[in-house]
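Heads up, the thing below is written out as structure tokens.
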Amino acid sequence: MTQKAVQSWREEKRSAYLYRVIADTELDAKLKQLFSHLAQEAEAQALLWQKVLLDSEASLPREYSPELYLPELRARIVASLIRKLGARRIKPVLAATKIRGLSAFSNTKEPSSRQSGFHPTLSSVDDVGASHRGIGKSGGLRAAVFGVNDGLVSVACLVLGVAGAAVSNGAILITGIAGLLAGAFSMAAGEYISMRSQREMFEYQIALECAELAQYPEEEANELTLIYMARGMHEEEARALAQRMIADPEMGLDILAREELGLNPDELGSPWQAAGASFLAFMLGGLIPIIPFLLQMHQFALQACIGLTALTLFGVGMALSLYSGRSALWGGTRMLLIGGLAGAMTYLIGNFMGTTLT
């Protein structure tokens, strides 16, 4: 019980600290007030856990200080990201850090008006888009990290497999570069085809919705009414809101695409952008294992390759832990173990094949 109380106390203090950082960096007055209040609530919860410890006559934890306390490295990293990028851009990271109130960023004009159970009242296309904007982009950083990891592990395993067959450094370098380019172009082509097909499907669905809206707007309004009622609105209120949305064809199509199809017309995604991002991420990760061979480090090239790859794997695992909410040390160690196992197996297979074929 004591350990649980200390852990809960620390989580509340961490949340309060991050709420204050968000409030300090937020320009919107209502959001600044919201996160300041959330910080106060978190501090109050921490006091409750502190009282539990006092009642059980357990030793109280020292004053919370993320700047001095090594296990709070995650809090310092997240705080730094908030200050540099803004809370809106790292919402998945904040969600994994037990930060609440993030839905307020989806409706900046009236953060306190969004109630659980139904969609907020909207009056313009901008308001409609605001409640969904950012969803499609929030995973961009995470996708980039995964892309780097794919390139790193793929090329590292290729290099280790060839090295296991006792091939010269020159041959390893050529093989590594060939694998790097092949993997990067393959990733880019696959991402382009996938995104292009998805975009065409979405555009087709939106076009159908547009035709239906023009042909029988009342029926579309009825469908929208049912959606709002399912979210908890009263029938009269839901019907009035639906009629107001459908009255404006542009707004009507936008809201129907979002509510009925679950699509954001403003963020269908660019196939070329997705392909380019995949290519660059794979290249960035895949370059790391072959850097020692490019620098012609001779007899130390393989050892340097393994060291650089291991260090990068650990860093990637720590970065991904920001999205999982788990320990950064465990995230880095797990990624290192998984990548290390893949590399070791590839090396052994290459060694076996080299011995067998020669």
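Below is a table of values for the structure above.
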{"item": "Listed peptides 345-353, 10-18 by packing density, highest first (mean Cβ within 10 Å)", "result": "10-18, 345-353"}
{"item": "Gained length - residue 54 relative to residue 218, 0.36 nm times residue gap less alpha-carbon distance", "result": "52.7 nm"}
{"item": "Highest average packing first - 304-316, 161-173, Cβ atoms within 10 Å", "result": "304-316, 161-173"}
{"item": "Protection-proxy order for peptides 21-31, 244-254, each taking the mean of Cβ atoms within 10 Å per residue, highest first", "result": "244-254, 21-31"}
{"item": "Pairs beyond 20 Å (Cα-Cα), from 32/98; 4/91; 30/91", "result": "4/91"}
{"item": "Whether segment 270-336 is rounded, prolate or oblate, judged on the alpha carbon gyration tensor where a/c under 1.5 counts as rounded", "result": "oblate"}
{"item": "Length added when fully stretched, residue 345-residue 8, from 0.36 nm per residue minus Cα-Cα", "result": "117.2 nm"}
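No lab work stands behind these numbers, since they all come straight from the coordinates. Small disclaimer: the values here were computed from a predicted structure and weren't measured. Every residue, glycine as well, gets a Cβ built from its backbone with ideal geometry; the counts of neighbours run over all protein chains shown.
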